[in-house]
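The values are calculated or read from the model by the stated rules, or taken from the named source; none is laboratory data. Not measured: the values here are computed from a predicted model. When we count neighbours, we look across all protein chains shown, and the Cβ atoms used for this are built from the backbone with ideal geometry, even at glycine.
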Amino acid sequence: MRRDLAFEALAAVRGDAIVVATYSSAFEWQRVAPHPLNLPATGAMGQGSSHALGLALGLPGTKIIVLDGDGSLLMNLGSLVTIAAAAPQNLLHFVCENGVYEANGSHPIPGRGTVDFAALALAAGYPHASTYSELAPFVDDLPRLMQLSGPVCATLKLTAGETPLKLDYRWMHGSKTRADFKAAISSLLPSKG
């Protein structure tokens, strides 16, 4: 299924969720659904799931969505066990599987075509995991996924969107992006007093 269409469907049900997105997913997500509560997870490949876990534990009343790359998750497979053990009910872990390290030259990931990320999540202890390769079943199942008690893993077998990605690293690494996120998340934190 096309990444842009899958992300448009997710954006329609996102609500006030924080979205942590890695590399190509971050660029596509920002184009489809710009929002101050978008956190691009870059500079430490594989850490998107860990960043999302920290947010889920720190903000248990807020839905946290991570748009993790297949290559990124392979760099930190242990996060699946850590997330399952912590059992954050508010975490949705979408694995965006395209079989390549797209933002770094589209080199193939190890195990391309054979790795089953949903099965890995279930084996790690996630209570819910599924795989979607077509848009219609994913769209139909999204409301249910958003209501499940997490952690939830959904592997999305994706192809590039129709519009070529704009790899805007200035936005991704920019101080304004971080400042906007900091300001938006501060409103979600309990007040001290």
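Name, by its number, the condition in (1) exposed (fewer than 15 other Cβ atoms within 10 Å of the Cβ); (2) of a type outside the set (S, T, Y); (3) under 22 Å from G71 (Cα atoms); (4) within 18 Å of the chain's Cα centre (by Cα) that does not hold for L120. Just one mismatch for L120, condition (1).
Take the conditions among the polar types (S, T, N, Q) and under 21 Å from F27 (Cβ atoms) and apply them to T159. Does it pass? In short, yes. Residues in the stretch 123-148 that are surrounded by 12 or more Cβ atoms within 10 Å (Cβ to Cβ) and in contact (Cβ under 8 Å) with a residue 60 or more places away in the chain: Y132, S133, L135, F138, V139, L142, M146.
In the stretch 173-187, the residues that are within 10 Å of L37 (Cα to Cα) form Cβ pairs under 8 Å with partners that are of a type in the set (F, W, Y) and in a helix (DSSP H, G or I), at six or more places apart or across chains, as follows: T177/W171.
Taking each residue of the stretch 86-106 that is more than 20 Å from S130 (Cα to Cα) and surrounded by fewer than 24 Cβ atoms within 10 Å (Cβ to Cβ) and looking for partners that are modelled with pLDDT under 95 and of a type in the set (V, I, T) with beta-carbon atoms closer than 9 Å, six or more apart or interchain, yields V100/I109; Y101/I109; A103/T22; A103/T42; S106/V100. Could you go through the stretch 163-174 and let me know if any residue there is surrounded by 13 or more Cβ atoms within 10 Å (Cβ to Cβ) and modelled with pLDDT of 85 or more. Looking for residues that are surrounded by 13 or more Cβ atoms within 10 Å (Cβ to Cβ) and modelled with pLDDT of 85 or more, one finds at least one in the stretch 163-174, hence yes. Quick check on A52: is it farther than 20 Å from M75 by Cα and either among the β-branched types (V, I, T) or modelled with pLDDT of 95 or more (or both)? When the stated conditions are applied, A52 does not pass them. Annotation note: of S24, S72, S49, the sole residue that is touching an Asp or Glu at 6+ places or on another chain (Cβ under 6 Å) and without any contact (Cβ under 8 Å) to a residue 60 or more places away in the chain is S49. For the stretch 125-141, the set of residues classified as within 22 Å of A84 (Cβ to Cβ) and within 16 Å of the chain's Cα centre (by Cα) consists of Y126, H128, A129, S130, T131, Y132, listed by residue number. Inspect all residues belonging to the stretch 109-117 and state whether any of them is without any contact (Cβ under 8 Å) to a residue 40 or more places away in the chain and closer than 15 Å to H93 by Cβ. Checked against the condition, which is being without any contact (Cβ under 8 Å) to a residue 40 or more places away in the chain and closer than 15 Å to H93 by Cβ, the stretch 109-117 yields at least one hit.
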